[in-house]
Amino acid sequence: MKIFVTGASGWIGSAVVPELLGAGHEVVGLARSEAAAQRLEVAGAMVERGDVDDPDGLAKAAAASDGVIHLAFQHEVAFGGDFAAAAAADRRAVEAMGAALADSDRPFVLASGMLGLTAGRMATEDGGLVPSAEVRANPAGLRSATALLTLSLRGIGVRSSVLRFPPTVHGDGDHGFVATLVGIARQLGAAGYVGDGINRWPAVHRSDAARLARLAVESAPAGSVLHGVGDEGVPFLEIAQAMGRHLGLPIESVAPADALGHFAHLGHFVALDSPASAAITRELLAWEPTGPSLLEDLEQDHYYRQA
C-alpha cells in the first residue's frame, strides 16, 4: 500500500514510518519544513511538502494514496493557548481528506486522545462516543467531535478508524507530557502531583503505538475505535515519585486550585483520573504491547539528561 502519513516526522510518526516501510508499504510523509523533509528522505519515505492548514493539498495527497494515517495536530498552537484553533484546523483537514477518499473503501486512521474520556472509570473503546460534561469542559474535548466525524466517514465509503492514544506515548527521545513534567520539576525544585496523586494515566511505548497504527491502516474495520494502551492506569503519585527519585528532588502535593499555576498548560490534565483498557483492540487486531511500561521507562536516564 501507498500510505500518506501526516505528522510523519513527529514523535509518533517517526516510528510509524519505519514500521510501515518494514512491512513493505510505500510511505508519503507530509513535511512542512526542509529539515522534516530531509529526515523523511533519510528514513526512506517520499515527501509531500505542506501542512495541515492546506486542506486542498491534503485532499490531493490523500486521493493519490491507498490510505491515510493522520497523526498531525498543531500542538504548539493548542498548548500555546488556542486549542480551539488547533482543533478547527484538524477538523478541516479530516473533512478534506475524508471527502477525497469517499466511495473508495480505502483506510483513514485518525490519531486522537483518550485523557478524560470517562472520568474516574475505565475507558473502553466503546466509551466516549457521547462526550461527558467533563470532556466538554476540558480543552482536549474539542477533538471529540472530529473523532466522531471520522467514524461517520464509513457512511461515505471510507474504512475509517479512530486510534486513541494516551497522554504519554513514551520512550527515548520523548519530548511530550512526561518530559515537560520533568522540566517543570527541575525548574520548581519538586516533583509535583495534584491532591493525593491517586488519579491514573494510561500510557504506551512508542514502538507499540507505531505497530498499532500500521495494523489499523492495514486491517481495522470501518468505524472502529482503537486504544493504544500498554499501561491501563499509572497513579500520578508514582510518576512523581520516579521523577523525584532520579532528579534528587522532593515530591510535593499541589492543591487542585493551584494546578494551573504549578503545571502551566498541563494543569488542565494532570489531575484527571483516566484509566483506559485496550482489550477490544488487542482482540480485534491481534495487537499485544511488548515495550517497557511507563514506570520502567522512567527508570532510564533519557528523561533526566540535561539539554
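The values are calculated or read from the model by the stated rules, or taken from the named source; none is laboratory data. The structure displayed is predicted, hence computed values, not measured ones. Here Cβ is always computed from backbone atoms with ideal geometry, including for glycine, and neighbour counts include all displayed protein chains. Surface accessibility is based on the protein's heavy atoms, side chains included, excluding ligands, DNA and RNA. Shrake-Rupley method; radii C 1.70, N 1.55, O 1.52, S 1.80 Å.
Observations on the model:
- Mean-position separation - Cα centroids, segment 1-35 and segment 37-65, in angstrom: 9 Å
- Taking the protein heavy atoms of the chain in the context of the full set of protein chains, the accessible area attributed to carbon and sulfur is 52 percent at 1.4 Å.
- Here the peptides 205-211, 18-24 are ranked by packing, the mean other Cβ count within 10 Å, and the order with the highest first is 205-211, 18-24.
- At full extension, ALA255 and LYS2 could sit 86.1 nm farther apart than now, given 0.36 nm per residue minus the alpha carbon distance.
- The Cα trace of segment 1-81 gives Rg and Dmax of 12.0, 40 Å, the first to one decimal, the second as a whole number.
- Zero-based 5 Å bins, Cα pair distances in segment 192-307, whole percents: 2, 11, 17, 18, 17, 14, 10, 7, 3, 0
- In the chain, helices alone account for a calculated mean residue ellipticity at 222 nm of -11000 deg cm²/dmol, with every DSSP H run of four or more residues adding -39,500 (n - 2.57).
- For segment 178-242, the fraction of C-alpha pairs more than 13 angstrom apart is 70%.
- Accessible surface calculations at 1.4 Å, restricted to protein heavy atoms, place the chain at 41 Å² per residue.
- The value for the chain of Rg(Cα) / (2.2 N^0.38 Å) is 0.96.
- Gap separating the Cα centres of segment 198-226 and segment 92-119, nearest whole Å: 14 Å
- Only Cα pairs under 8 Å and 6+ residues apart enter the sum, and on that basis the relative contact order of the chain stands at 19 percent.
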